[in-house]
Amino acid sequence: MESWLDRHAELARLAERQLFFVDGQPRSGTTWLQQMLDSHPEVSCRGEAQFRDHCAVPLDRAMRQRFAALHERNTSIFGHTGGYPLPDPGDTQFLLGTAILSAFRQQAAGSSARAIGEKTPGNLFFFPQLRALFPGAKLIGIVRDPRDVISSNWHRFQDRPGATDADRTAFVRQVLPMAVRWMRAMLDAGESYPEHFRVVSYESLHQAPEPALATLFRFLGVADDAEVVAGCVAQTTFAVLAGRPAGMTQNGAFFRHGAPGDWPNTLTPEMNDMVLRALAWSFPHFGWQA
């Protein structure tokens, strides 16, 4: 096993590469986008690392417990000496950064990737903390017509024999608040991180994948020539990933339909009206038709 010092030196060098994070609502195309990015010879993009839930939250809890335990002993036993130094928030951040870089080190082992990232739904809301750790980090968001997102989520997680329009209506009502929050956060990120954030729509990746993907590769600082981009697109078509043509629906499959605009087969006009009342304001930003 390499020494502790050697490992930290390697992590420091890794931190100098272009780190990035991918985000979007579940069923908005995040896995497809992640695989398109990962197919580039200079990019390593895997998913899902779950850095917030599996690293940030437990580390914060553990360090707060350590603070409380030390403070109690310093007060009750070692009051005459001042006791042991208490951890501060910077210690937690340092440990979190080390955990993230260690994961990226394992992910990119043996590769010469210039850009290293991962995709986890929710990275958008975690990005301020990630930017505090890695000021040069970048964020890529993907958005999809929310009606298709809701429809895909329904078929993936909720659909069952005997489900009624009332069941689907209740599901639409349940998920709309989070859909609104995600869409506002995507638009806000463009204003908050103009140099560090790019957003692409699921629909644009279908209609013109090469220019959309080339833009993201330039954003990450890797090669964007036509041959490389075309290769990435060819490796990640729906037919390659799902084993069947786009538009051939298989409910329950992870790659279910593979084409935009399937929502009318799931949502009634009344459900569509519910979505539009909540989210029609966002449609012009991404070219969706109400």
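The values are calculated or read from the model by the stated rules, or taken from the named source; none is laboratory data. Computed from a predicted model, the values in this text were never measured in an experiment. Neighbour counts are summed over all protein chains in view; Cβ atoms, including those assigned to glycine, are modelled from backbone coordinates with ideal geometry.
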Handout entry: Pair list, Cβ < 6 Å and 6+ apart or interchain, from segment 168-194 residues that are more than 21 Å from K138 (Cα to Cα) to residues that are among the aromatic types (F, W, Y) and modelled with pLDDT under 95
Key = F171/W154
Exercise for the section: Filter segment 31-51 down to residues that are out of contact with any Phe, Trp or Tyr (no Cβ under 9 Å at 6 or more places or on another chain) and at pLDDT 95 or above, then give me how many there are. Expected result: 7
Exercise for the section: Filter segment 1-47 for residues that are crowded, with 24+ Cβ neighbours inside 10 Å, over 16 Å from the mean Cα position of the chain (by Cα) and among the charged types (D, E, K, R) and give the result. Expected result: none
Exercise for the section: Could you grab me the full set of residues in segment 85-99 that are more than 11 Å from M63 (Cα to Cα), surrounded by 13 or more Cβ atoms within 10 Å (Cβ to Cβ) and over 25 Å from the mean Cα position of the chain (by Cα)? Expected result: none
Handout entry: Residue under evaluation R61, criteria (1) surrounded by 14 or more Cβ atoms within 10 Å (Cβ to Cβ); (2) of a type in the set (K, R); (3) over 30 Å from D145 (Cβ atoms); (4) at pLDDT 95 or above, criterion not met
Key = (1)
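Within segment 193-209, restricting attention to residues that are surrounded by 14 or more Cβ atoms within 10 Å (Cβ to Cβ) and in a helix (DSSP H, G or I), which residue is nearest to the chain's Cα centre (by Cα)?
Restricting attention to segment 193-209, the residues satisfying the condition of being surrounded by 14 or more Cβ atoms within 10 Å (Cβ to Cβ) are 193, 196-206, 209.
If we keep only those that are in a helix (DSSP H, G or I) as well, we get 202-206, 209.
On the way: Y202: 14, E203: 18, S204: 18, L205: 17, H206: 19, P209: 19 Å.
Ranking the qualifying residues of segment 193-209, first place goes to Y202.
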Practice task
Could you tell me whether R73 is among the charged types (D, E, K, R), out of contact with any helix residue (DSSP H, G or I) (no Cβ under 6 Å at 6 or more places or on another chain) and surrounded by 12 or more Cβ atoms within 10 Å (Cβ to Cβ)?
Solution key: yes
Completion exercise
Those residues of segment 76-85 which are assigned to a loop (DSSP other than H, G, I, E, B) and either modelled with pLDDT of 95 or more or more than 23 Å from L133 (Cβ to Cβ) (or both) amount to I77, F78, G79, H80, T81, G82, G83, Y84
Practice task
Those residues that are in contact with a Leu (Cβ under 9 Å, 6 or more places away or on another chain), closer than 20 Å to S204 by Cβ and not small (G, A, S), I need them from segment 22-54; list them, please.
Solution key: V22, D23, T31, W32, L33, Q35, M36, L37, H40, V43, C45
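With the requirement that a residue be of a type outside the set (A, V, I, L, M) and part of a helix (DSSP H, G or I), what does segment 28-59 give you?
Within segment 28-59, T30, T31, W32, Q34, Q35, D38, F51, R52, D53, H54, C55, P58 meet the criteria.
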Problem - Subset of segment 155-166 that is part of a helix (DSSP H, G or I) and in contact with an Asp or Glu (Cβ under 9 Å, 6 or more places away or on another chain) - its residue that is modelled with the lowest pLDDT - result: Q158
Exercise for the section: Could you grab me the full set of residues in segment 6-27 that are among the small types (G, A, S) and either touching a strand residue (DSSP E or B) at 6+ places or on another chain (Cβ under 9 Å) or not in a loop (DSSP other than H, G, I, E, B) (or both)? Expected result: A9, A12, G24
Exercise for the section: Take S152 and decide whether it is assigned to a helix (DSSP H, G or I) and at pLDDT below 95. Expected result: yes
Exercise for the section: For residues that are farther than 16 Å from R198 by Cβ and aromatic (F, W, Y), scanning just segment 100-151, find the one that is surrounded by the most Cβ atoms within 10 Å (Cβ to Cβ). Expected result: F104
